[in-house]
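The values are calculated or read from the model by the stated rules, or taken from the named source; none is laboratory data. Values in this document were obtained by computation on a predicted structure and should not be read as measured data. Cβ placement follows ideal geometry from the backbone for every residue including glycine, while neighbour counts extend to all protein chains displayed. All accessible areas refer to the heavy atoms of the entire protein, side chains included, with ligands and DNA or RNA removed. Shrake-Rupley method; radii C 1.70, N 1.55, O 1.52, S 1.80 Å.
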Amino acid sequence: MSDTILRPAGLVFWSAFAVVSCVLYVFAMEMNLAAFTYHPRLVEFDLGPQPARSGPAMYWFGWTATSIGGGLVGGALALVVARGLAMRVWLWLGWSVPAVAMIVACYFMIPFFTK
Amino acid sequence: MWTALLIVHGLLAVLLLGAVTHQALAALWPTRDGATMISRFRRVSAPVYTNTVVIIFVITFIIGAVIYPAYRLNVRTYLQDYRMFWAEGAFEIKEHLAAMGLFLLPLYWYLWRRPVTAAAHETERAQRIAQGALAGLIAVAAWTSFFVGHILNNIRGLFGT
């Protein structure tokens, strides 16, 4: 039964993961902070954001990897430095910050609809 | 093979929509009344969908990632050639929301598999709201991805060339 009770450590880690990964994703897509680049025509990977070689370059996989990595680090850091925050604060942060990040990501796509 | 994967991707998305929409509505708009079809839809036991949502989301996401390069090489260039920038932008939104939906899954799973047992009333309320909000955000990501994917898949028939 004990494993079904809301534990502060799990809540802190996964809330921080959700917050950091979603915010980092917005920065990654805007500043191209891709952990790697995929060249689909060549079926090759390059470390970091690299320009297209033959055919287009795909950065989305790299942005996702960057965000997951950053989220895991953020979750671990939160366990060390911010575990004292009230549980309800983490409960609010865990969905509200990602919701704002989703809206911001959509906002950055407006130029596609105004060309 | 790409067509088969695309169809499986779409079918799994339909399953995901059913599960996460049931859960989100039951959490955000609960009722005890079962007189109408809508109220029966809202009256379901929300937690039972959690594992299903997580598993289907992850599988659908992986298949989407596998077929994404084919879109990048064949479909996106077509959209750019025909200056259908809105469609290109719609797909960008789909990929962003899908990725962020993936990032929410661990917290979503963590909160939904635990009953609301917090001693403090404020924490209990915050947990209920977080459960509903996370299900709602994942539902938004799933619905947006589904609509965009469906429109792009049919774009030549819908909008011609």
Subset of the range B:45-67 [open to solvent by 60 Å² or more (accessible area, probe 1.4 Å) and within 12 Å of chain A (Cβ to nearest Cβ)]: B:Pro47, B:Ile62, B:Val66
Could you check the range B:11-44 and list, in sequence order, the residues that are in contact (Cβ under 8 Å) with a residue 60 or more places away in the chain and either surrounded by 16 or more Cβ atoms within 10 Å (Cβ to Cβ) or on the phi > 0 side of the Ramachandran plot (or both)? B:Ala13, B:Leu16, B:Leu17, B:Val20, B:Thr21, B:Gln23, B:Ala24, B:Ala27, B:Leu28
Could you check how many residues of the range A:82-115 are within 13 Å of A:Val20 (Cα to Cα) and of a type in the set (Ser, Thr, Tyr)? 1
Anything in the range A:93-115 that is among the aromatic types (Phe, Trp, Tyr) and at pLDDT below 95? List them, or say none. A:Phe112, A:Phe113
Condition check for B:Leu73: among the hydrophobic types (A, V, I, L, M, F, W, C) and either within 19 Å of B:His9 (Cβ to Cβ) or touching a residue at least 40 places away in the same chain (Cβ under 8 Å) (or both): yes
Hey, among the residues in the range A:101-114 that are within 7 Å of chain B (Cβ to nearest Cβ) and within 22 Å of B:Ile138 (Cβ to Cβ), which one's surrounded by the fewest Cβ atoms within 10 Å (Cβ to Cβ)? A:Cys106
Determine, yes or no, whether B:Thr123 is open to solvent by less than 70 Å² (accessible area, probe 1.4 Å), at the interface with chain A (Cβ under 10 Å from one of its Cβ atoms) and farther than 30 Å from A:Trp60 by Cα. yes
Tally of residues being within 12 Å of chain B (Cβ to nearest Cβ), in a helix (DSSP H, G or I) and without any contact (Cβ under 8 Å) to a residue 60 or more places away in the chain across the range A:66-100: 14
Report whether or not B:Ile63 is of a type in the set (A, V, I, L, M) and free of Cβ contacts under 8 Å to residues at least 60 places away in the same chain. yes
Among the residues of the range B:68-91, is any open to solvent by 70 Å² or more (accessible area, probe 1.4 Å) and aliphatic (A, V, I, L, M)? no
Single residue of B:Ile55, B:Ile67, B:Ile38 found to be hydrophobic (A, V, I, L, M, F, W, C), modelled with pLDDT of 95 or more and in a helix (DSSP H, G or I): B:Ile55
Across the range A:6-25, what is the total count of residues that are facing chain B (nearest Cβ under 8 Å) and either closer than 23 Å to A:Cys106 by Cβ or open to solvent by 10 Å² or more (accessible area, probe 1.4 Å) (or both)? 9
Conditions (1) at pLDDT 95 or above; (2) closer than 29 Å to A:Gly10 by Cβ; (3) facing chain A (nearest Cβ under 10 Å): number failed by B:Gln131: (1)
Members of the range B:77-106 that are in a helix (DSSP H, G or I) and more than 22 Å from B:His9 (Cα to Cα): B:Gln80, B:Asp81, B:Phe85, B:Trp86
Report yes if some residue within the range A:67-89 is out of contact with any Cys (no Cβ under 9 Å at 6 or more places or on another chain), hydroxyl-bearing (Ser, Thr, Tyr) and modelled with pLDDT of 95 or more; otherwise report no. no
If we scan the range A:27-50, do we find a residue that is open to solvent by less than 40 Å² (accessible area, probe 1.4 Å) and either touching a residue at least 60 places away in the same chain (Cβ under 8 Å) or in a helix (DSSP H, G or I) (or both)? yes
What number goes with the only condition from (1) touching a Ser or Thr at 6+ places or on another chain (Cβ under 6 Å); (2) modelled with pLDDT of 95 or more that B:Thr31 does not pass? (2)
